[in-house]
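The values are calculated or read from the model by the stated rules, or taken from the named source; none is laboratory data. On a predicted model such as this, the values are computed, not experimentally measured, just so you know. Cβ coordinates were reconstructed from backbone atoms using ideal geometry, including for glycine residues, and neighbour counts include every protein chain displayed. When the accessible area is computed, the model is the full protein with side chains, heavy atoms only, and any ligands, DNA or RNA have been set aside. Shrake-Rupley method; radii C 1.70, N 1.55, O 1.52, S 1.80 Å.
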Amino acid sequence: MKFTLDWLKEHLDTTASVDQIGTALTSVGLELEGIENQGKSLSAFVVAHVVSAEQHPNADRLRVCKVDAGTGELIDVVCGAPNARTGLKTVFAFPGTYIPGKDMTIGKGNIRGADSNGMLCSGEELGLSNDHDGIIELPADAPVGEKYVDYAGINGVVFDIAITPNRGDATGVYGVARDLAAFGLGTLKATDMSVVPSKGKSPIAPLPHEFGADEPKAIRKFGGRYIKGVRNGPSPDWLQQRLRAVGLRPINAIVDITNLVSLGWGRPLHAYDADKIVGAPVLRNAKPGEAFDALDNKIYALDETMTVIADHNGPLCLGGIMGGVRSGVTDGTTNVFMECASWDPELIARTGRKTGIVSDARYRLERSVDPALTEPGLELATRLVLELCGGEPMEPAISGEDVFPDTVIEFPLREVGRLTGLDLGASRIEAILTSLGFVLSGAGESRTVKVPSWRPDVTQKADLVEEVMRMVGVDHVPVEPLPRLNHVAQRMLTNIQNRRRIARRALAARGLDEAVTWSFIPHAEAVRFGGGQESLQLANAIASDMTDMRPSLLPGLLAATRRNANRGTADLALFEVGQVFLSDMPDGQHTYATGIRTGTAKLDGAGRHWSGKAEPVGVFDAKADLGAVLDALGVDIDKVQIFAEPAPWSHPGRGGRIALNPKVTLGWFGELHPAWAAELDIEGPVSAFELDLDALPEPRRKATRTKPALTLSGLMPLSRDFAFVVDRGVTAATILKAARGADKGLIRDVSVFDVFEGTHVGEGKKSVAIEVTLQPLDKTLTDEEIEKVSASVVAAVTKASGGALRA
């Protein structure tokens with residue numbers, strides 16, 4: 001938010017310097033983003049007179065202008081602004097002038113055969129506003145050659161501060177002044193918001209609230225005032241200069257007054273041309289698909305969750321967001337209906353996100369404005385209209401009720417010292433809180449504190465401590481060194497933290513790049529991946545496509561691969577270790593490690609190569625990645641169980657589930673289902689895995705930290721090959737498990753090296769060949785011992801698989 005030093009001093013009686021104010025703003029939590037001396041940055045721009053503006057001989061949209069800038073000679077300037085015309089007074093930049101709005105330095109040039117020695121400037125080019133539709137138009141009596149900053153009175157100091165979402169009270173200059181006064185930088189000045197006498201009954205009755213029992217209702221209290229016989233037109237110079245200094249374009253006196261109150265007191269207003277209202281206006285929710293022509297010259301489609309002020313012809317204003325063109329105030333307006341209303345911050349924020357409208361009103365109302373200012377704010381606006389435009393005010397039209405938090409906190413004074421280390425007396429703490437508007441009562445070691453209406457964010461003792469601390473200054477909080485330990489510190493990482501670290505290192509070592517994606521995904525994606533429960537939908541989503549907590553890491557990773565593929569990178573290997581949300585209960589939040597490979601992004605490289613054809617990724621790439629993570633985490637891959645039960649996202653025949661036992665699932669692996677890939681607009685093969693790090697068993701505590709001695713055999717290992725004919729449905733895992741169990745003392749490894757199907761092995765049959773590696777420990781095996789182990793392997797496999805040794 002921007003405000004000028006002069007504006008601040010209208011609310012704060014202070015002699016503090018600019019640097020002192022800047023330091024104080026950051027100290028009280030209103031972070032200073034910048035201080036601008038407008039006179040310095042715009043000092044080179046001057047008032048100029050366009051003596052003539054002729055059509056460019058070689059361009060339809062350009063004009064060749066003769067400009068008098070007070071130098072005694074006419075200057076040739078080529079200008080493309082639609083309002084460049086003979087006789088116009090405007091703002092001129094000489095060659096060599098830095099243009100802040102364009103971040104460039106203007107020079108001499110030749111445009112389509114015509115010399116151009118400078119620039120006629122718009123408000124956007126000067127960095128004063130977003131108006132780029134034409135060059136600045138000045139009154140006919142503007143003195144040629146005078147510095148524009150002197151003429152416009154914008155040579156003051158402008159502060160730019162960042163407002164956190166909880167500080168709606170600081171979205172007005174008055175609220176900033178209140179904090180600075182409490183900090184000790186001056187005295188807060190009161191504002192006259194007394195009742196303005198009415199001249200008669202309002203032609204517009206209090207607006208009825210036409211909402212169903214189950215409908216969302218953004219409006220709380222609506223205040224309106226009919227003022228007849230106003231003389232609208234340009235606002236006074238002081239008001240125009242104030243608005244320009246903070247980047248707003250003056251429009252007319254009535255509209256400028258609404259902006260003045262919004263910026264000055266954080267109290268958004270809206271003005272309607274009362275003569276353009278058809279019938280009796282009401283407050284209601286929009287109808288599905290109802291169109292709204294807003295003041296930003298865009299048409300928005302509304303829905304039934306958005307509150308509007310409407311007459312017989314439809315919406316006049318999107319409540320709390322923006323007014324409409326149809327009832328807009330112009331210089332010809334003579335009867336005004338001024339609105340000052342209180343709104344539900346959450347519903348205002350939701351409507352703003354749905355429509356994408358970012359307005360000053362929304363910015364303030366979604367942060368919560370002071371509900372006690374609804375009627376006083378209307379009186380303030382009425383008084384300003386009468387001062388600047390005249391007219392006769394009618395009785396206010398009030399409907400609805402404001403919502404006041406009425407928070408009362410029991411506050412032990414010792415909490416300040418306990419939480420911050422500050423040693424402050426009771427009188428100092430009371431003085432600080434009182435200066436901020438809190439009402440204290442009681443004596444002794446505790447106080448009863450009533451929170452002011454403009455601070456709904458203060459709800460507990462710690463919040464009061466924070467208020468005291470920021471007024472004293474965070475830099476005054478004592479710094480205490482941590483106690484020095486006299487022994488070796490115990491392990492700091494928890495088991496899940498250690499698992500995250502190990503999983504990241506293991507996957508990065510396999511060539512996957514780590515990604516960090518949003519925890520919020522679209523509702524449709526959440527439903528697709530097993531989520532979408534109402535309890536996991538955000539009450540205040542930051543965007544329409546970020547409404548649900550993610551039930552899986554795959555949606556974010558798949559979206560990342562799609563974005564990369566659209567930019568020419570089709571071979572990707574990505575992983576993420578993060579949280580997923582299976583329910584809204586504490587045990588429903590799990591930590592997953594998830595990885596995907598696309599295209600030809602295999603472990604041994606990707607893309608085309610002269611040495612051979614690049615193979616696409618597949619189910620076994622995902623299985624290998626999952627196995628590598630389990631191995632790094634200390635899980636024996638040979639002891640877990642693999643089931644042919646693919647995840648819902650997987651190809652039904654190319655995926656599986658890995659588990660400790662049939663009931664305890666560790667994760668899934670497989671190829672992405674082709675139908676899902678098509679729906680997600682992903683081309684090419686995608687292999688993926690998911691591992692639930694929370695499902696891994698806790699490591700056993702051993703009686704000793706010493707590792708057992710490494711036992712190595714000095715004897716050569718030997719291997720034997722076996723081929724079994726089994727039914728086609730028998731898995732290789734069944735055969736491998738049976739062979740390993742035939743003699744656990746001698747068998748070191750079992751692996752499949754061939755699978756064959758053909759007519760000579762039988763219909764519905766297949767041949768699976770395995771290699772069994774034997775490792776003698778204390779003596780060389782005899783032929784009889786080898787044959788005995790071989791017979792055990794054959795017996796175990798035939799019993800487990802129902803097959804037979806292939807002849």
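Do we have any residue at all in the range 127-137 that's over 28 Å from P371 (Cβ atoms), crowded, with 18+ Cβ neighbours inside 10 Å, touching a Lys or Arg at 6+ places or on another chain (Cβ under 7 Å) and not assigned by TED's automatic domain parsing to the domain that holds L30? Checking the range 127-137: at least one residue is over 28 Å from P371 (Cβ atoms), crowded, with 18+ Cβ neighbours inside 10 Å, touching a Lys or Arg at 6+ places or on another chain (Cβ under 7 Å) and not assigned by TED's automatic domain parsing to the domain that holds L30.
Counted as qualifying within the range 714-800 are no strands (runs of 3 or more DSSP E), as none has 3 or more residues that are outside the structural domain of F620 (by TED's automatic domain parsing), surrounded by fewer than 11 Cβ atoms within 10 Å (Cβ to Cβ) and at pLDDT 90 or above. Whether a residue is surrounded by 14 or more Cβ atoms within 10 Å (Cβ to Cβ) and more than 20 Å from A53 (Cβ to Cβ) was assessed, and K102 passes this test. One residue alone among G123, G127, G145 is within 41 Å of the chain's Cα centre (by Cα), part of a loop (DSSP other than H, G, I, E, B) and on the phi > 0 side of the Ramachandran plot, and that residue is G127.
Of the residues making up the range 275-322, those that are under 19 Å from L365 (Cβ atoms) and either polar (S, T, N, Q) or without any contact (Cβ under 8 Å) to a residue 12 or more places away in the chain (or both) are N285, T305, T307.
Among the residues of the range 326-338, are any under 28 Å from the mean Cα position of the chain (by Cα), buried (at least 19 other Cβ atoms within 10 Å of the Cβ) and within 30 Å of A170 (Cα to Cα)? Scanning the range 326-338 turns up no residue that is under 28 Å from the mean Cα position of the chain (by Cα), buried (at least 19 other Cβ atoms within 10 Å of the Cβ) and within 30 Å of A170 (Cα to Cα).
Being within 19 Å of G212 (Cβ to Cβ) and of a type in the set (V, I, T) is the filter here; which residues of the range 301-337 pass it? The answer is T305, T307, V308, I309. Selection of first residues in the range 106-121 that are within 17 Å of A48 (Cα to Cα) and of second residues that are open to solvent by 70 Å² or more (accessible area, probe 1.4 Å) and not in a strand (DSSP E or B), restricted to Cβ pairs under 9 Å at least 6 apart or on distinct chains, gives the following pairs, ordered by first then second residue: S116/K108; N117/K108; G118/K108. When V308 is tested against (1) of a type in the set (V, I, T); (2) over 20 Å from N335 (Cβ atoms); (3) part of a loop (DSSP other than H, G, I, E, B), exactly one condition is not met: (3).
Determine if the range 79-90 includes at least one residue that is at pLDDT 95 or above, closer than 21 Å to A245 by Cβ and either of a type in the set (A, V, I, L, M) or open to solvent by less than 50 Å² (accessible area, probe 1.4 Å) (or both). Yes, that holds for at least one residue. In the range 311-327, the residue that is farthest from L269 (Cα to Cα) out of those that are in a strand (DSSP E or B) and not aliphatic (A, V, I, L, M) is G314.
Those residues that are among the basic types (K, R), under 16 Å from I154 (Cβ atoms) and buried (at least 16 other Cβ atoms within 10 Å of the Cβ), I need them from the range 1-42; list them, please. Result: K2, single match.
Within the range 486-540, the set of residues being open to solvent by 80 Å² or more (accessible area, probe 1.4 Å), in contact (Cβ under 8 Å) with a residue 60 or more places away in the chain and over 17 Å from F689 (Cβ atoms) comprises just one member, V516. Of the residues contained in the range 50-59, none is found to be open to solvent by 30 Å² or more (accessible area, probe 1.4 Å), within 35 Å of the chain's Cα centre (by Cα), at negative phi and touching a residue at least 24 places away in the same chain (Cβ under 8 Å). The single condition among (1) crowded, with 21+ Cβ neighbours inside 10 Å; (2) more than 23 Å from R249 (Cα to Cα) that C121 does not satisfy is (2).
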